[in-house]
Amino acid sequence: MDILEQKRRVITTAIIAVVLTGIVIAAIVATPLINQLHSQASRSAGNVADAKTQNIQAVLDQHQDLARQTASRSELARVMSEYVNGNLAVGVARTFSRPRLEDAANIIDNLAALIRYDASGEELVRVGPLAASLPGKITLPGGLDFRGYRLANGETSKPLLHASGAIMHDGERVGTDLLLFDLSPLQGALLTTTWSNICILDDARTRRVELDPITQMPEIFPASECLTVREHLTGDKQPRTFRLTDPDGASILAFMRPLGDYNWEVHMNSQVSEVYAQVTNDIIISIAIIALLSLVAGLVVWRSLQPLMHALVSQTSEIARSTEELRLAHQVFEHTQEAIAICKTDFTIVRANPAFLDRAQTTARELSGRNMMEFLDAGNQDRDPVGERLHRQLIAEGAWQGEVWLRHPKDEVFPNLLTVSAVRNHQGQISQYILTFSDISERVKNEKQMARLAHYDQLTGLPNRAALENYLQQAIEQARRSNGHFALMFLDLDKFKPVNDTHGHPVGDELLRVVAKRLKHCMRSGDIVGRTGGDEFVVITGPLNGDDGARHIAEKMIATLNEVFQIQGHTIGIGASVGIALYPDNGMTAEDLMREADAAMYRVKAGGRNNLAYA
């Protein structure tokens with residue numbers, strides 16, 4: 001055999017070996033890749049089911065909260081208590097409750113009916129668009145439920161969401177409010193693609209709520225058509241995922257997700273072929289790329305068999321890979337929205353990315369050699385946020401995270417979430433720190449806004465019931481320590497309801513805002529006025545030298561509220577009934593003072609109104 005034949009055989013053998021090696025590598029790589037991509041696709045479909053479940057639960061929680069809020073109105077709860085205890089006739093209770101429940105029903109968009117029951121479960125009042133059309137007897141459900149009813153005109157109503165709230169007064173259940181809503185808020189959450197469907201199934205496996213394929217509106221269907229019911233699968237209040245086959249022979253991914261404490265579950269089915277369609281295409285492309293690379297490698301071997309060329313190719317590939325990694329790292333550093341700075345171990349800044357320069361409002365030239373501590377505000381955090389304790393933690397754990405305030409050159413500060421990571425050299429010693437700043441201004445702003453909403457009345461801007469309870473407890477503690485005196489006053493507006501009935505709620509709301517302003521002008525520097533709801537206000541005075549101080553404040557409030565109001569072109573006259581409880585004469589606890597002040601106020605109401613009375 002001549003040298004040319006030997007050369008041909010060697011080259012042919014090398015090419016075949018390279019191609020076969022590529023095919024083997026493709027098979028080895030493809031197997032875990034297929035499993036990984038399938039798992040990824042399944043997780044993505046599961047994430048969609050989780051998101052749908054969260055949306056549905058958010059809608060149910062919102063409507064359940066509306067039921068609790070409707071049942072929590074103190075004035076209506078007091079009347080229900082009087083009725084339950086036999087101190088009030090049923091007609092009086094209905095006359096008092098109906099307009100107030102109608103007011104509540106008018107501000108709830110998708111409310112179909114609101115039914116109030118007494119403590120024995122007997123219906124007392126019903127209001128709402130469908131109140132007259134619904135059956136005369138509607139049984140209270142055991143929890144949140146979906147039901148439909150035959151209406152007075154013979155037609156069947158759309159499915160209605162039932163949410164109930166207990167009416168409590170002095171720790172006693174005196175009734176229940178049942179709110180019936182149409183299901184339009186659930187329409188978006190139940191919409192899916194053509195190759196998947198979603199429904200809400202009761203725990204008893206008897207009913208399911210699903211979009212009607214024609215009207216695309218939520219309807220109640222028998223549970224027997226649900227694939228998981230036919231397969232006798234249960235969720236046991238735990239998220240479950242199943243792989244099933246539908247009657248047409250198609251493979252299905254089924255997801256079962258519980259809806260919190262409700263007796264309902266979310267069931268979502270997706271066709272496996274559609275879930276894995278993109279995955280299959282990706283695998284085919286990957287295998288084709290690997291096969292193509294194998295052929296290319298065979299050509300490279302055919303053209304260069306010498307060890308030196310192999311070494312050179314390997315070295316070149318390694319350099320290219322390292323260069324690409326450096327380029328990608330540089331792109332991330334330069335273009336990320338997160339502010340990043342690299343510092344020495346004494347926090348002298350070595351380099352910062354454009355996002356940090358923009359956030360700190362400085363330039364790379366001005367930043368050179370400066371210490372990071374110059375940019376951290378000391379007024380909103382510890383004086384040394386990266387002191388010895390933090391330094392020890394970085395040495396031990398290699399990372400630290402916490403909130404800091406980044407300062408602009410104009411002394412403006414804004415909050416950031418700072419993550420500090422240690423970079424170690426080949427000897428294991430810390431050589432640099434990488435600091436990443438995430439702007440959390442919006443989160444801090446939202447937290448402050450939530451705190452304000454939790455403690456201040458949105459209509460008048462006055463402290464709400466929760467804030468007033470805190471102020472009252474503080475006043476009691478201060479008076480106890482100093483052996484002082486103060487007064488708690490309950491103020492209820494007289495003739496306010498006719499204002500709402502005659503001029504409408506916008507005028508009534510504006511009147512309440514003007515009343516709040518007038519009451520604030522009547523207060524001394526240490527006095528607090530707040531609104532507990534409706535037309536009820538509470539005043540907690542500062543320290544008093546005698547009972548006349550409380551009388552003077554109450555008379556001043558009554559006098560200023562007796563002055564005529566000009567609201568949106570209407571001349572309005574109202575009055576005020578004030579009940580006064582003195583600490584410690586009328587009580588040593590918040591509960592005692594509130595009870596005595598409330599009783600005094602109702603004595604004024606019963607005695608002709610527009611006056612004051614001591615407990």
Exercise. Read phi for every residue in the range 586-597 and hand back ³J(HN,Hα) as whole Hz from Karplus 6.51 cos²θ - 1.76 cosθ + 1.60, θ = phi - 60°, with x for Gly and Pro.
Key: 9, x, 10, 10, 4, 5, 5, 5, 5, 5, 5, 5
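Note the full-extension length gain between Ile319 and Glu412 as 0.36 nm times their separation in residues minus their Cα-Cα distance, in nm to one decimal.
Working: separation 93, 0.36 × 93 = 33.48 nm, distance 4.57 nm.
Taking 0.36 nm per residue and subtracting the Cα distance, the gain is 28.9 nm.
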Quiz item: Karplus couplings for the range 212-223 from phi (6.51 cos²θ - 1.76 cosθ + 1.60, θ = phi - 60°), rounded to Hz, Gly and Pro as x?
Solution: 5, x, 9, 7, 6, 10, x, 9, 9, 10, x, 6
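As an exercise, use a Förster radius of 60 Å and the Cβ-Cβ distance of Arg424 and Arg518 to find the FRET efficiency, rounded to the nearest 0.05.
It comes to 0.35.
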Quiz item: How much of the calculated P(r) for the chain lies past 48 Å, in percent of all Cα pairs?
Solution: 46 percent
Exercise. Output the peptides 525-537, 363-375 sorted from most to least packed, where packing is the average of other Cβ atoms within 10 Å over each peptide's residues.
Key: 525-537, 363-375
Quiz item: Using modelled amide H (1.01 Å from N, peptide plane; none on Pro or chain starts), what sits under 5 Å from the amide H of Val350, excluding residues fewer than 5 places away?
Solution: Ile342, Cys343, Lys344
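Which of the three applies to the range 413-526, rounded, prolate or oblate, going by the alpha-carbon gyration tensor with a ≥ b ≥ c and a/c under 1.5 meaning rounded? Walk me through the numbers on the way to the answer.
Values: a/c = 5.09, a/b = 2.12, b/c = 2.40.
Oblate.
So what is the diffusion coefficient of the range 52-209 in µm² per second by Stokes-Einstein at 20 °C and 1.002 mPa s, using a Kirkwood Rh over Cα pairs? List each step's numbers first, then the result.
On the way: Rh = 16.6 Å.
The Stokes-Einstein estimate is 129 µm²/s.
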Practice problem: Just grab the label-to-label distance for Arg443 and Ala599, each label 7 Å out from Cα along the Cβ direction, in nm (one decimal). | Solution: 5.1 nm
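Hey, can you rank 243-250, 434-441, 500-507 by average C-beta count inside 10 Å, highest first?
On the way: 243-250: 10.6, 434-441: 17.2, 500-507: 13.9.
Peptide ranking by packing, descending: 434-441, 500-507, 243-250.
If R0 is 25 Å, what FRET efficiency do you get for Gln337 and Arg43 from their C-beta distance, rounded to 0.05?
Values: r = 26 Å, r/R0 = 1.06.
Rounded to the nearest 0.05, the efficiency is 0.40.
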Quiz item: Using the Karplus equation 6.51 cos²θ - 1.76 cosθ + 1.60 (θ = phi - 60°), what ³J(HN,Hα) coupling, rounded to whole Hz, does each residue of the range 72-78 give in order, writing x for Gly and Pro?
Solution: 8, 5, 5, 5, 5, 5, 5
Quiz prompt | Mean shadow area of the range 121-263, taken as a quarter of the surface of its Cα convex hull (nm²) | solution = 11.0 nm²
Practice problem: With a point put 7 Å past each Cα toward its Cβ, work out how far Ser120 is from Ala89 in nm, to one decimal. | Solution: 1.8 nm
Exercise. Please report the base-10 log of the normalised intensity I(q)/I(0) for the range 455-614, using a Debye sum with one equal scatterer per alpha carbon and no solvent, at each q in 0.10 (1/Å).
Key: -0.34
Self-check item: Of all DSSP beta bridges in the chain, antiparallel share, percent nearest 5
Solution: 95 percent
Self-check item: Average accessible area per residue (Å²) across the chain - probe 1.4 Å, nucleic acids and ligands excluded
Solution: 54 Å²
Exercise. For each pair in Lys52/Lys237; Lys137/Lys497; Lys520/Lys556; Lys52/Lys448; Lys52/Lys445, compute the distance between the two Cα atoms and list the pairs where it is over 21 Å.
Key: Lys137/Lys497; Lys52/Lys448; Lys52/Lys445
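For the chain, what is the charge dipole size about the Cα centre, in debye to the nearest 20, if Lys and Arg each add +1 at the Cβ and Asp and Glu each add -1 at the Cβ? Working shown, then result.
On the way: 61 positive and 73 negative charges, 162 e Å.
That gives the chain a dipole magnitude of about 780 debye.
The values are calculated or read from the model by the stated rules, or taken from the named source; none is laboratory data. Everything numeric here is computed off the predicted structure, so don't read it as measured data. Note: ideal-geometry Cβ built from the backbone for every residue, glycine included; neighbour counts use all protein chains shown. When the accessible area is computed, the model is the full protein with side chains, heavy atoms only, and any ligands, DNA or RNA have been set aside. Shrake-Rupley method; radii C 1.70, N 1.55, O 1.52, S 1.80 Å.
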